[in-house]
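Reading through the C-alpha cells given below for one structure.
The values are calculated or read from the model by the stated rules, or taken from the named source; none is laboratory data. Since the structure is predicted, the reported quantities are computational estimates derived from the model, not experimental observations. Using ideal geometry, Cβ is built from the backbone for each residue, glycine included, and neighbour counts are taken over all protein chains shown. Ligands, DNA and RNA are stripped out before the accessible areas are found, and what is left, the full protein with its side chains, is counted by its heavy atoms. Shrake-Rupley method; radii C 1.70, N 1.55, O 1.52, S 1.80 Å.
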Amino acid sequence: MKAMVVRGISPVEGKLLELVDLPDPIPGPGEVRVKVSACGVCHTELDEIEGRLPPSRFPMILGHEIVGRAERLGPKVTKFKEGDRVGIAWINWACGECSFCLKGEENLCDKAKWTGKDVDGGYAQYTVVPQDFAYPIPQAFSDVQAAPLLCAGVIGYRALRLTGMQDGKVLGLYGFGASAHIVIQIAKYKYPRCKVFVFSRPKQQEHQNLAQKLGADWTGATADTPPQKLDYAIDFTPVGMPVREALRNLEKGGRVVINAIRKATPIPELDYAEHLWYEKEVKSVANVTRRDAQEFLPLASEIPIVPEVREFALEEANEALVLLKEGRIRGAGVLRLPE
Ligand SMILES: [Zn+2]
Ligand SMILES: [Zn+2]
C-alpha cells in the first residue's frame, strides 16, 4: 500500500513526510482492516511532527480522522461485515480495567493507544482497527465530509459538553478552524437562544466570514473586547495567549475550556484579580471517549452539521500540514485516497 510516513521530528515546513510502499497490514483477532477513503488533517499531527507530542515509534503513519470501508475482517469480528463504512477516531484502544476506564473516562487511561501516534493511522491506503473502536458513519455524510467529524467534531462536542453550556448564555470561541466551525453549529442547534462570539487571528477575514455565515453573533480579533462578557469560552488555538484573553473576558463564575493537546507557546502570566478571581475556572480537554463519538455522530446527522472541507491528495499531506500551521485552511483539510 501507499502511505505517507514520518521518520523523525522536524518543523513541518521541512515537508519531510515521505510517500512509501508498505505491505498491507494484517488484521488480528477482533480487528478490521479498513480501506481508507478519506483522512482528516489535524493540529495534533503538527504536534507529533514537531515533537511536542512525538509518536511512540518511527516511522509512523499519522492520521486519526479516518473514513473507509471494512475490507478484510480478522478472526472473531462480529460488529462489521465486509463493505461496511466505518470511521476511526483518536482513541484506538483502552485497557477497560483501570480506575479511569471503569468510570467511563477511558480518555484518561494510562495504557490507552492513540491512532496515528501509537499505532499506524490513516495517511495510507489501509489501516487496522479493533472492532470496538470503529464507528458506523451516518448516511447523511460523504466520506470526505465525515472525516473531520471524527476528531474536530468529536472533540469539539466533548469540549462544548465540558463547558457546562446552558441556553441563553454567551459562548466565546477562540480560533475558528476545523473544530470551532463544527462547535458553532452544535451550539446554535442545542442552545438556540445562546450567543456565540468568535475570536480569530487579526488577518483571518476568511475565518470571520465563515463564522458569520454559520451564525456568529459577533466576530473579532483575539485581543478584542467583545460587547458582553463570556459565560463560557473554548480555546482552540495552538498558542498560549488566547487563554489569558479568554479569562480576561470571562463573566464571574465562568469557565474556559482549552481544546488542545499541546501549546506551541506558553500561557502568559496571569493576574489573579483580573483573570481568575470571582470563581473563574479553567479546564482542559484530553482526548476523547467512544461515548463522545457514539453520541456526536448521530447528532451531527440530525442537525445536520455541514463541514467545510478542503481536499488534498495523499501525497500532498506535507502541503496540507503547512497550510494548517499557517491557519490558511478554511474549515477542515482532508486527504482523499484513490478508490
Ligand atoms: Zn485530531
Ligand atoms: Zn484503562
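Things to note:
- When restricted to residues that are away from ligand 1 (no atom under 16 Å from the Cβ), under 20 Å from Val128 (Cβ atoms) and under 20 Å from the mean Cα position of the chain (by Cα), the range 88-108 contains 3.
Yes/no per residue for (1) among the acidic types (Asp, Glu); (2) within 16 Å of ligand 1 (Cβ to nearest atom):
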| position | (1), (2) |
| --- | --- |
| Pro11 | no, no |
| Asp21 | yes, no |
| Gly30 | no, no |
| Pro55 | no, yes |
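- Looking only at the range 109-126, and only at residues there that are more than 23 Å from Phe312 (Cα to Cα), more than 16 Å from ligand 1 (Cβ to nearest atom) and not basic (Lys, Arg), the one that is farthest from the chain's Cα centre (by Cα): Asp110
- From the options Glu82, Glu97, Glu71, residue that is within 17 Å of Val36 (Cα to Cα), open to solvent by 60 Å² or more (accessible area, probe 1.4 Å) and assigned to a loop (DSSP other than H, G, I, E, B): Glu82
- Boolean, Gly220 is part of a loop (DSSP other than H, G, I, E, B) and not β-branched (Val, Ile, Thr): no
- Check on Tyr232, surrounded by 15 or more Cβ atoms within 10 Å (Cβ to Cβ) and aromatic (Phe, Trp, Tyr): yes
- Residue list for the range 291-313, filter: among the aliphatic types (A, V, I, L, M) and either touching a strand residue (DSSP E or B) at 6+ places or on another chain (Cβ under 6 Å) or closer than 17 Å to Gln139 by Cβ (or both): Ala293, Leu297, Leu299, Ala300, Ile303, Ile305, Val306, Val309
- When Gly254, Gly215 are checked against the criterion of being over 30 Å from Phe141 (Cα atoms) and not in a helix (DSSP H, G or I), Gly254 stands alone in meeting it.
- The helices (runs of 4 or more DSSP H) found wholly in the range 118-195 and carrying at least 3 residues that are closer than 24 Å to Asn249 by Cα and open to solvent by 10 Å² or more (accessible area, probe 1.4 Å) occupy 152-163, 180-190.
- Against the criterion of being of a type in the set (A, V, I, L, M, F, W, C) and open to solvent by 20 Å² or more (accessible area, probe 1.4 Å), Ala246 does not qualify.
- Screening Gly51 with (1) more than 15 Å from ligand 1 (Cβ to nearest atom); (2) of a type in the set (Gly, Ala, Ser); (3) in contact with a Phe, Trp or Tyr (Cβ under 8 Å, 6 or more places away or on another chain) gives one miss only, at (3).
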